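The values are calculated or read from the model by the stated rules, or taken from the named source; none is laboratory data. In this text, all values refer to a predicted model and were calculated from it rather than measured experimentally. When we count neighbours, we look across all protein chains shown, and the Cβ atoms used for this are built from the backbone with ideal geometry, even at glycine.
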Amino acid sequence: MSTARDGGLSRRDFLGVTGALAGSGLLGGAAGGGEPPAGPASIGPGAIRVGLRVNGVPRDADCDARATLLDVLRDGLGLTGAKQACDRGECGTCTVLLDGRPVYACMVLALQARNREVRTIEGLAKGEVLHPVQRAFVEHDAFQCGFCTPGQIMSAVGLLERAPAATPEDVEAGMCGNLCRCAAYVRIRDAVNAVAKGK
Amino acid sequence: MPKTKLRIGWPGNFREIQAEIPAGDPPPWDADSKLSVVGARLPRVEGPDKVTGRAKYTSDMAPAGMLTGGVLRSPHAHARATALDLGPARKLPGVKAALELEREPRYAGQAVAAVAAESPLQAQAALDAIVVTWEVLPHVTDPEEARRPDAPRVLGGRNPNARGGASENAADEAACGRALAAASASVDLTFRTPVVEHTCLESHGSLASWEGDALTVWDSTQAVASVRDGLARGLQVPANSVRVVKEHMGGGFGSKLGMGETALIAARLAKEAGRPVRVLNDRKAEQTTGGNRPSSVQRLRLGADKAGTLSVMWLESSGTGGVGGGAGCSGPFRTLYRAGVMRDEHTDILTNAGRAQAFRAPGHVQGMFALESAIDALAIEAGIDPLEFRLRNDASDLRRAEYAEGARRIATGRSVRRARGRMYRRLRDRWTPRRSRPGSTPA
C-alpha cells in the first residue's frame, strides 16, 4: 500500500528529510545561526499547534513541526493503540485511517493530517460493543501478543469500508502491509474473510 | 506416597502405569480425564483489551513527569573512547541525567552512554552533544577469521575466540571413519545457517520509577522475576525493594528471558533524575543488541547399512553468538536417531557482534534443518523412501506413530476437523504423485 504517497511524500523522500534533520544537528531545536531555508515560509523551531479531527472529535496538539502523526497520537493525545515498531513504514503496527484510507502514521507528518479525518483503534467500538472486525478477531483468535492487532484491524476496516464485498484475494492484498511476528496470519485472514461479504 | 493408576500413551498404544503422587497434589490428567477447558474453543480473556487498543504495553506507559531516555551506541565493532565528555549534553535544555556506561565497547551498537531528557528530541540532541573520540581497535566479525590463531581476541587478554570439543561418550574419529567406510550408503554434507534476529515488534524497553528506595520497573520482558533479580544485583539493592511489572508484551521469542540492558539504564537514569525514565530500544538498537540466533556451520557425515539402518552419525559444528552466548546445535542430532557409532563435536566462536539470546528452542532450528536435510539425502543414497527411512530409524515410538498417522491422514485426505481436512487434502494432492527424491515433489 502506498500509504506515504497519500500524504504527498514518498517513503524515500520522507526518510531523506527526517534523516537529514537528524544529521544536521537541528533536532531539539538547537538550530544556531545561519540562513533560513529558502522556499515556502518556514515554521518552528518552536512548538506549533496542529488541529486534528480524531475519531470525530476536534483535538489540538502542540508539537514539533517534524513530529509524525504517530508521535502526536501517542505522545500528544495519549492514544497508544497505534504502536511504533519499525518507525520506517515497513511493519504496519501504526496503521490508522486518514480520510478513510489506511496509512502508516509513522510516515505522515502531523502537519499533513491537519483538517483531515483521523480514525484510530480507540474509535471503533461503541462503548463495550465491539466493531464487527474487532469481534471477528476475538472469535477467530487472530492474534497472540496483540501488538500488531490495532494496525491489522484498522487495515481491515479501511479495506472493508472501501470494498464491503472483498473477496479472499482482495483480503490477502489489502492486509499485506501489516506484519505479525507471532505469525497469526491464517487466523487474521479467516477473521477478515468472516466479515467480508465477498465469497 | 499414595499411588494412582493412570492410563497413558496414544491411540493404539495405551498402557496403565502406577504413579506416585505427593499427598495434596491434584490427580494428574490421563487419557480418561474429562477436560472442560483444554481442547475447548475459548476466547482469550484479554481479547477485548487487545482488539480495542486498551491493552497497555511497556512502550505505552507514560506516567506524569516521565523523562525520555536515550542511549549513545558504539559505531565501531571494537574501540576505546580516549575522550568521553557528557558535560555538553548535561548543559542542554531539558536534560536531567547523563550516565557513562562503557569506554571500550566490543561490538557495534553496544551502549556507551545514556541521557534522560524532557522530550525525545531533547534526548536526541543531548546524545548528539556528547563529545567522544574513538580509537578503533582490532576486531573480527567473521567467524572463520576469528578462528585463526592470529585473530584479534574478542574478549581481550588470553581469552580464546574458539572453544569447544567432542561431547561425552563420543566415538573417536577413527571409529567413525571405519564405520563410514563400511556403510553401504553414506553422505558427507555441510550446511550453513545465518545469524537470525528475533525482531520483536515491541522492542526491548523499560520504564523505571523510584519512590525513596523502592524501585518499580515496567519492562517488556518474558520473565519479571529474572528482571527483578538482575536489577537487584546490578544496583546492589535488596530484591524485595524491586517490583517488576509486565501486563502485555509485544513479542519476545526468547530474547526477553533475561534482563535486558534497558532496565538497568532506566533505573540508574531515574535515580539520578529523581523522575520516572523510559528507555526504549529504537529499531536499529533492537536489531543490533536485542539478541539473535547464532549462525551455524554443520558438517554431517552419516552412513547406513544394507537394511537401511543408520550405522554411523558424525556431526562437526561451529557457530557464533557474537560476544557471548553458546551456538550449540546438536540437540536434534543427539535425540532424534540412534546409530551404533555416534560422534558430535562443537566449537563456539566469539566475534565482535551483538550477543546471542535464546530463540525458540535454542540450537534446534539450525540443527533440525541440517540433520533432516542430511537424512533425506541419505535415504535417497540408500534407495529408500525418506518417510520409510525415518520409520526404520527414529528412536521414538511416539514419533513413529505420529509419522504413520500423518501419512495416513494425508493419504486419505480426512481429518476430524474440517479446516485440517482441507489442509490434508491439499497435502494429499501433492503427496500422491510424489517421487521419493527430495525436491521432486510437484510444486
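Okay, here's what the table says:
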{"quantity": "Count of residues meeting criterion [under 30 Å from A:Cys182 (Cβ atoms), touching a Pro at 6+ places or on another chain (Cβ under 8 Å) and among the aliphatic types (A, V, I, L, M)] in segment B:204-256", "calculated": "2"}
{"quantity": "Residue within segment B:37-48 that is within 9 Å of chain A (Cβ to nearest Cβ), surrounded by 15 or more Cβ atoms within 10 Å (Cβ to Cβ) and in contact with a His (Cβ under 9 Å, 6 or more places away or on another chain) present", "calculated": "yes"}
{"quantity": "Selected residue (criterion: nearest to the other protein chains (Cβ to nearest Cβ)) from residues of segment A:177-195 that are under 23 Å from A:Ala105 (Cα atoms) and in contact (Cβ under 8 Å) with a residue 60 or more places away in the chain", "calculated": "A:Leu179"}
{"quantity": "Filtered residues of segment B:267-318 (kept if of a type in the set (D, E, K, R) and under 26 Å from the mean Cα position of the chain (by Cα))", "calculated": "B:Arg278, B:Asp282, B:Arg283, B:Lys284, B:Glu286, B:Arg293, B:Arg299, B:Glu316"}
{"quantity": "Residue count for segment A:74-113, restricted to those that are away from chain B (no Cβ under 12 Å) and of a type in the set (A, V, I, L, M, F, W, C)", "calculated": "10"}
{"quantity": "Check on A:Asp64, of a type outside the set (A, V, I, L, M, F, W, C), free of Cβ contacts under 8 Å to residues at least 40 places away in the same chain, within 11 Å of chain B (Cβ to nearest Cβ) and at negative phi", "calculated": "yes"}
{"quantity": "Count of segment B:121-152 residues which are within 14 Å of chain A (Cβ to nearest Cβ) and in contact with an Asp or Glu (Cβ under 8 Å, 6 or more places away or on another chain)", "calculated": "3"}
{"quantity": "Candidate set: segment B:200-256, residues that are among the basic types (Lys, Arg) and in contact with a Ser or Thr (Cβ under 8 Å, 6 or more places away or on another chain); chosen: the one nearest to B:Gly363 (Cα to Cα)", "calculated": "B:Lys256"}
{"quantity": "Residue ranges of strands (runs of 3 or more DSSP E) in segment B:1-101 with at least 1 members at positive phi", "calculated": "B:3-10"}
{"quantity": "Of all residues in segment B:213-230 being polar (S, T, N, Q) and under 17 Å from B:Gly290 (Cα atoms), the one that is surrounded by the fewest Cβ atoms within 10 Å (Cβ to Cβ)", "calculated": "B:Ser226"}
{"quantity": "Test set (1) away from every other protein chain (no Cβ under 14 Å); (2) part of a helix (DSSP H, G or I) - B:Val237 fails condition number", "calculated": "(2)"}
{"quantity": "Failed criterion for B:Ser241 (all others in (1) in contact with an Asp or Glu (Cβ under 9 Å, 6 or more places away or on another chain); (2) buried (at least 21 other Cβ atoms within 10 Å of the Cβ) hold)", "calculated": "(2)"}
{"quantity": "Residues that are of a type in the set (Asp, Glu) and within 14 Å of another protein chain (Cβ to nearest Cβ), drawn from segment B:160-217", "calculated": "B:Glu197, B:Glu202"}
{"quantity": "Residue match in segment B:172-180 (condition: closer than 30 Å to B:Ile384 by Cβ and either modelled with pLDDT under 95 or assigned to a loop (DSSP other than H, G, I, E, B) (or both))", "calculated": "yes"}
{"quantity": "Residue match in segment B:122-137 (condition: in contact (Cβ under 8 Å) with a residue 60 or more places away in the chain and among the charged types (D, E, K, R))", "calculated": "no"}
{"quantity": "Given (1) without any contact (Cβ under 8 Å) to a residue 40 or more places away in the chain; (2) of a type outside the set (A, V, I, L, M); (3) in contact with a Cys (Cβ under 9 Å, 6 or more places away or on another chain), index of the condition A:Thr93 fails", "calculated": "(1)"}
{"quantity": "Residue check, B:Gly9 farther than 30 Å from B:Ala98 by Cα, within 14 Å of chain A (Cβ to nearest Cβ) and either surrounded by 12 or more Cβ atoms within 10 Å (Cβ to Cβ) or not small (Gly, Ala, Ser) (or both)", "calculated": "no"}
{"quantity": "Sole residue being out of contact with any Gly (no Cβ under 9 Å at 6 or more places or on another chain) and at pLDDT 95 or above, chosen from B:Gln236, B:Gln222", "calculated": "B:Gln236"}
{"quantity": "Residue under evaluation B:Ala370, criteria (1) in a loop (DSSP other than H, G, I, E, B); (2) buried (at least 21 other Cβ atoms within 10 Å of the Cβ); (3) of a type in the set (A, V, I, L, M, F, W, C), criterion not met", "calculated": "(1)"}
{"quantity": "Residue list for segment B:49-69, restricted to those being small (Gly, Ala, Ser), away from every other protein chain (no Cβ under 11 Å) and buried (at least 22 other Cβ atoms within 10 Å of the Cβ)", "calculated": "B:Gly69"}
{"quantity": "Count of segment B:48-70 residues which are assigned by TED's automatic domain parsing to the domain that holds B:Val245, among the hydrophobic types (A, V, I, L, M, F, W, C) and over 19 Å from B:Thr221 (Cα atoms)", "calculated": "3"}
{"quantity": "Selected residue (criterion: surrounded by the most Cβ atoms within 10 Å (Cβ to Cβ)) from residues of segment B:255-286 that are touching a His at 6+ places or on another chain (Cβ under 7 Å) and within 14 Å of chain A (Cβ to nearest Cβ)", "calculated": "B:Lys256"}
{"quantity": "Qualifying residue in segment B:87-105 (condition: of a type in the set (Lys, Arg) and not assigned by TED's automatic domain parsing to the domain that holds B:Ser206)", "calculated": "no"}
{"quantity": "Conditions (1) of a type in the set (Lys, Arg); (2) farther than 24 Å from B:Gly177 by Cβ; (3) modelled with pLDDT of 95 or more: number failed by B:Arg360", "calculated": "(3)"}
{"quantity": "Flag for B:Ala181 being in contact with a strand residue (DSSP E or B) (Cβ under 9 Å, 6 or more places away or on another chain), without any contact (Cβ under 8 Å) to a residue 12 or more places away in the chain, surrounded by fewer than 20 Cβ atoms within 10 Å (Cβ to Cβ) and farther than 26 Å from B:Pro75 by Cα", "calculated": "yes"}
{"quantity": "Some residue of segment B:135-146 being part of a loop (DSSP other than H, G, I, E, B) and hydroxyl-bearing (Ser, Thr, Tyr)", "calculated": "yes"}
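Each row is one residue, and each column tells you yes or no for (1) crowded, with 19+ Cβ neighbours inside 10 Å; (2) more than 22 Å from A:Arg189 (Cα to Cα); (3) within 13 Å of the chain's Cα centre (by Cα).
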{"residue": "A:Val103", "(1), (2), (3)": "yes, no, yes"}
{"residue": "A:Ile121", "(1), (2), (3)": "yes, no, yes"}
{"residue": "A:Glu139", "(1), (2), (3)": "no, no, no"}
{"residue": "A:Cys145", "(1), (2), (3)": "yes, no, no"}
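Residue-by-condition table, conditions (1) over 18 Å from B:Gly258 (Cβ atoms); (2) among the small types (Gly, Ala, Ser); (3) under 27 Å from the mean Cα position of the chain (by Cα):
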| residue | (1), (2), (3) |
| --- | --- |
| B:Ala182 | yes, yes, no |
| B:Ala185 | yes, yes, no |
| B:Thr193 | yes, no, yes |
| B:Val227 | no, no, yes |
